[in-house]
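Asks: Below you will find the structure I want to go over with you.
None of the figures in this text is laboratory data; all of them are computed from the coordinates on show. If you're wondering where the values come from, they're calculated on a predicted model, not measured in any experiment. Glycine gets a Cβ as well: all are built from the backbone with ideal geometry, and neighbour counts include every protein chain shown.
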């Protein structure tokens, strides 16, 4: 029985079959994700070695060439490229497309393992190259008052970062910029010499004291108490009052009567850190500055999970930012870059009475050409303004926003341009 005869003889069955196909299509369309790049696994692995301030020639000779020789012998390696600069060696290993990258990563780790014993190397990182690993959104955090950026960074780490990382689809929120405080201990050489101490003595005393130790348990009837020795420094005064050594007390012919009343001649007197060094806070050295609209602040780079959808995750982040703006009114949270906006504009054809006929992503801005089907083309300028290209009816040569353009075209053309 051929298909036309079957359709005529069993029309209800054919109708039900096509209704089922349509229903499955609607369900699939609703569940279809939207992303910038397809879900592919790039067959590249990057090995990065950091080793202080070693010149590029030595980095290439001691590390780059050796890593290249080790990884070149691995199975299914297609190409090996490298670059060397002061203190940094980067080797990129490209495999065949059919390679299992999980096993390839293990093979590269085994090949680079001998370098872990080199004392000159400060860090070795082995990462898989993923074109989708760029942040899907960048958020700027600018204080509205003259707050210290160290305090702002603390608020961002404790509140904003944790809340954003709890969202479904968000893998990590990475902070950049801002300021961080550090404790500086500035030795006074003449005092160290007077008390018979060395800088190494100060370092060992701090390392040995700045720890919390467990003291076991104490049982009392049915209760068990945990004993813990608290040794971690809580503030600068704890550091200043740290005992770093002892000296023999000498009354010195009564020159120090107060000390003579406290200590007997020949007794051991503690030497505190404040006696031989200055202890103070200062900003850490920084290698990056984040500015938005000329104001210094912090940046938050948001990365999505590998299987999550960019557009859906971006919408959840926007909703979370609205709540954070209410909870932290003294901070200005602005979306500096959103990959989802580019994706939505790139695939949008109809639906808002204008057509995004061309979308160009350049220098973190979206340039759009909008077609009025009756009277020509409009180009988007910086600031979301539109400039007429070829029609004297829809606004002439004046500039207007997208919303103003839509309203004006609705009025003039009576919604005929769709």
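Asks: Go through (1) part of a loop (DSSP other than H, G, I, E, B); (2) exposed (fewer than 13 other Cβ atoms within 10 Å of the Cβ) for residue 308 and report which single condition fails.
Replies: (2)
Asks: Can you pull out the residues in the stretch 60-82 that are assigned to a loop (DSSP other than H, G, I, E, B) and in contact with a strand residue (DSSP E or B) (Cβ under 6 Å, 6 or more places away or on another chain)?
Replies: If we filter the stretch 60-82 for residues that are assigned to a loop (DSSP other than H, G, I, E, B), which is where we start, we get 72-76.
Within the stretch 60-82, 72, 76 qualify.
Asks: What about residue 121, is it farther than 11 Å from residue 44 by Cβ, assigned to a loop (DSSP other than H, G, I, E, B) and touching a strand residue (DSSP E or B) at 6+ places or on another chain (Cβ under 7 Å)?
Replies: yes
Here is a yes/no grid of residues against (1) in contact (Cβ under 8 Å) with a residue 40 or more places away in the chain; (2) in a strand (DSSP E or B); (3) under 12 Å from residue 43 (Cβ atoms):
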site: 58; (1), (2), (3): no, no, no
site: 84; (1), (2), (3): no, yes, no
site: 90; (1), (2), (3): yes, yes, no
site: 105; (1), (2), (3): yes, no, yes
site: 109; (1), (2), (3): no, no, no
site: 113; (1), (2), (3): no, no, no
site: 116; (1), (2), (3): no, no, no
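Asks: Let me ask something else. For the stretch 162-200, enumerate the residues that are over 30 Å from residue 305 (Cα atoms) and touching a residue at least 60 places away in the same chain (Cβ under 8 Å). Quick ask: steps written out before the conclusion?
Replies: As a first pass, look at the stretch 162-200 and keep what is over 30 Å from residue 305 (Cα atoms): 181-200.
181, 182, 183, 184, 185, 186, 187, 188, 191, 192, 195, 197, listed by residue number.
Asks: Return the total of residues in the stretch 198-243 being under 34 Å from the mean Cα position of the chain (by Cα) and in a loop (DSSP other than H, G, I, E, B).
Replies: Counting residues in the stretch 198-243 that are under 34 Å from the mean Cα position of the chain (by Cα) and in a loop (DSSP other than H, G, I, E, B) gives 9.
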